[in-house]
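Only the coordinates and a few stated rules stand behind these numbers; no lab work does. Keep in mind the model is a prediction, meaning the values are calculated, not measured. Glycine also receives a Cβ, built like all others from the backbone with ideal geometry; neighbour counts cover every protein chain displayed.
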Amino acid sequence: MGADIDGTGAGMSGEDLAGGDAARVARRDEAVRAAVRQGLLGPGTPLVGLLDVRGVRESAAALRAAFEAAVAPGTPVLHAFAVKATPLVPVLRLLCAEGLGAEVASPGELALARAAGVPPDRTVLDSPAKTVAELREALALGIAVNADNPRELARLDALLAGGPSASPLGLRVNPQIGGGSIEALSTATATSKFGVALRDEGAREWVVRAYLDRPWLTRLHAHTGSQGIPLPLLARGVAETYALAEEINGRAGRRQIDTLDIGGGLPVDFASDVTAPTYGEYVRVLREAVPGLFGGGYGLVTEFGRSLLARHGTLVARVEYAKSAGGRRVAVTHAGVQVATRTVYAPQAWPLRVLAYDGEGRPKEGPAVVQDVAGPACFAGDLLAEGRELPLLEEGDVVAVPDTGAYYFALHYGYNSLARPGVYGFFTGAATGGAGGEGGTGEADGVRFVVVREGQSVEEIVREGGGAWGDALTGGEWGERR
């Protein structure tokens, strides 16, 4: 797996980093060392997720700045974080404090956003399978809704017949422009399940007529995909959406559509610590491909997720055992399929770097040895890395898996009933002074940790496994043998 992933150890992995990237890598090394020294990671807690609070803030600021530099003055822009990427209430509240909203795709995600204090007018509901109850709740709250298909639009018709709503309402379309390198994340293919397929026979005219018949439809939404989608293809999806909006407004004879929801999708380079592409680069590509997009004719909504959080999360695990099999070294850790599901099941599409640290949390040095880094699950393919060159990992050493702040440690897969790890935000240097309050774990080496999510207990696993209904299948008349 991941032959192009540089796993030469910790720190900068041989790269020449500068500016914010170098500072982020230094903070990561500080946090790993402090997690060991403070006992956050140890024999009793062999797996944790660490979240760089300063890094998250810097990503949010970079996103805002890139669009603010491009749009006409006074243009409304909402950056709605894709909650599915990191569905943790403290993270959503942090992003809300940094000026972002929330894009939700289920009742659970909406509940998390509300618990985080994200205002309804900064919340967008997207999903290909919304129930009537979900739509009714969104309309009552005034949350923006992007209808996915004609049947959902008919449901909105029926609900709005009972009275108006403050919710901005739109329709999702699929420009059918093709996919990227990861088919499962390409949402603008010919047969994608999302939105109204614009190139199907009669579909474009149906979309135009749907808007002309419904003056309350004021938004248009499209999303080309995320990881594996190159910037030119992302921009082409936005260009198709912009052209359709112009056509609808021209046919309507007025500015009916006032907002374009252009989705998210900025990819992350998991093979490197260098932030590329940047939000600024994406905006430059958009300006070239869609010159009118930033002219002030349309408000904008974005739905970034992975690109905001991935770089700032790190899985950290102890090496429980080191062994050999068939002449290859194997380091058995507590980080596997339960926290890196995509990487374990689709390693070519989702390779991750593995960084080596010693038992004190210091970057490990020494000659590179070809070895596997395995997880704890009971199947042979539970590997974080296969045939990777790393300093020799021994029992008690530490491995760190960077770029896991989105779609990894926050999204747990319950294989073998393995417990969800605790997640801790960290503050380094001068930033530690503002990290007080409940949930702190102490401070050493200039690093302070705060609890974002407690690790799951075995009692919670039993409860989720139906422990309260243990007699349901064996007690009473239903449990009698016949």
Given a Förster distance of 22 angstrom, what is the FRET efficiency for residue 111 paired with residue 57, based on the Cβ-Cβ distance and rounded to 0.05?
0.35
The chain - share of DSSP beta bridges that are antiparallel (%, nearest 5):
50 percent
Could you work out the relative contact order of the stretch 225-320, using alpha carbon pairs under 8 angstrom and six or more residues apart, expressed as a whole percent?
35 percent
CD proxy, 222 nm, the chain: helix-only mean residue ellipticity via -39,500 (n - 2.57) per DSSP H run with n ≥ 4, per residue, nearest 500, stands at -8500 deg cm²/dmol
Between residue 251 and residue 160, what length comes free when the chain is fully extended (0.36 nm per residue of separation minus the Cα-Cα distance, one decimal in nm)?
30.4 nm
Place a +1 charge on the Cβ of each Lys and Arg in the stretch 277-356 and a -1 charge on the Cβ of each Asp and Glu, then give the dipole magnitude about the Cα centre in debye, rounded to the nearest 20.
440 debye
Hey, how many Å between the Cα centroid of the stretch 14-54 and the Cα centroid of the stretch 241-276?
35 Å
Dipole moment magnitude, nearest 20 debye, the stretch 53-309 about Cα centre, only Lys, Arg, Asp, Glu C-beta charged
340 debye
Tilt of helix 203-212 relative to the longest C-alpha principal axis of the chain, in degrees (0 to 90, nearest 10)?
70 degrees
What is the gain in length, in nm to one decimal, between residue 72 and residue 129 on full extension, counting 0.36 nm per residue of separation less the C-alpha to C-alpha distance?
17.0 nm
Taking one equal scatterer on every alpha-carbon of the stretch 1-151, how large is log10 of I(q)/I(0) by Debye at q = 0.12, 0.17, 0.18 1/Å?
-0.72, -1.07, -1.11
Once Rh is set to the Kirkwood radius over Cα pairs, what Stokes-Einstein translational diffusion coefficient, in µm²/s, holds for the stretch 53-309 at a temperature of 37 °C and a viscosity of 0.692 mPa s?
179 µm²/s
Degrees separating the helix 132-141 axis from the principal Cα axis of the chain, which is the longest one:
80 degrees
Cα extents of the stretch 96-170 along the three principal axes, largest first (Å)
36, 23, 18
What ratio of Cα Rg to 2.2 N^0.38 Å holds for the chain?
1.05
